[in-house]
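Take a look at the structure below.
What follows is calculated from the coordinates using simple rules that are stated; it is not laboratory data. Here the structure is a predicted model, which means the values were calculated and not measured. Here the Cβ is made from the backbone with ideal geometry for all residues, glycine too, and neighbour counts use every protein chain on show.
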Amino acid sequence: MTARLTRRAWLGLAALAAAAWRPRPARAQGNLANLAPEEPIAETVKRLFGGRPIRDGAALITIDMPLIAEDGASVPIAVEVKSPMTPENHVKAIYILAEKNPRPLNVKISLTPAAGQAYVATNLRLADSGPVRVVAEIGDGGLWGATRDVRVTVAGCAA
């Protein structure tokens, strides 16, 4: 004779499981207290990539963003890195850095070969006119970079 659970019993078990579940505290990669109030771009690049050379990736990286941003608080950007995205040859991470921001690292996206395409689109907050750098980290540790100059008419970051 097999025991069958009724819908009421299933709901009771689900309620017990929900009551027993405790959320885990979020684990951050760092906190803002560890960063200086302003970190120059050279220090950010050194902290992120160490002494690894960043090769010119203008032929591999496409940066789609306006040349003139009317509002620095929300500047759209789309980045595509031409890569086969195979386990042997894929983009591991895409970094977007704004040189004139108090904290230059705007975005870090981690990717796997399962992504199928190395593409990211988001909005940036830019403090002032200047170059926006995109660095693609390849699975073997190589770095490719491209730059796009943007003119910001109204600053989006408070210094």
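Ignoring aspartates and glutamates fewer than eight residues from LYS92 along the same chain, the ones with Cα atoms less than 20 angstrom from its Cα are ASP56, GLU80, GLU137, ASP140. Once backbone amide H atoms are built at 1.01 Å from N, MET85 has VAL91 as its partners under 5 Å, excluding neighbours fewer than 5 places away on the same chain.
Residues VAL152, VAL91 in ascending order of nearby Cβ atoms (within 10 Å, fewest first): VAL152, VAL91. Taken about its Cα centre, the stretch 33-141 carries a charge dipole of roughly 280 debye when the Cβ of each Lys and Arg holds +1 and the Cβ of each Asp and Glu holds -1. Of LEU126, LEU60, LEU97, LEU13, the sequence from fewest to most neighbouring Cβ atoms within 10 angstrom is LEU13, LEU60, LEU97, LEU126.
Positive-end ranking of ALA115, PRO53, LEU126 along the dipole of the chain, with charges on Cβ about the Cα centre, is headed by ALA115. Counted by neighbouring Cβ atoms within 10 Å, the residues THR147, THR6, THR122 run from fewest to most as THR6, THR122, THR147. Helix 7-20 and the longest principal axis of the C-alpha atoms of the chain enclose an angle of approximately 50°. For LYS46, the lysines whose Cα falls under 18 Å of its own Cα, not counting residues fewer than eight places away in the same chain, are LYS100, LYS108.
Extension gain for THR153 to ASP128 (0.36 nm times residue separation, less C-alpha to C-alpha distance): 8.2 nm. Given the stretch 38-152, report the % of alpha carbon pairs whose separation exceeds 22 Å. I get 30 percent for the Cα pairs in the stretch 38-152 exceeding 22 Å. Relative contact order (percent) for the stretch 38-152, with alpha-carbon contacts under 8 angstrom and 6 or more residues of separation? After rounding, I find 33 percent.
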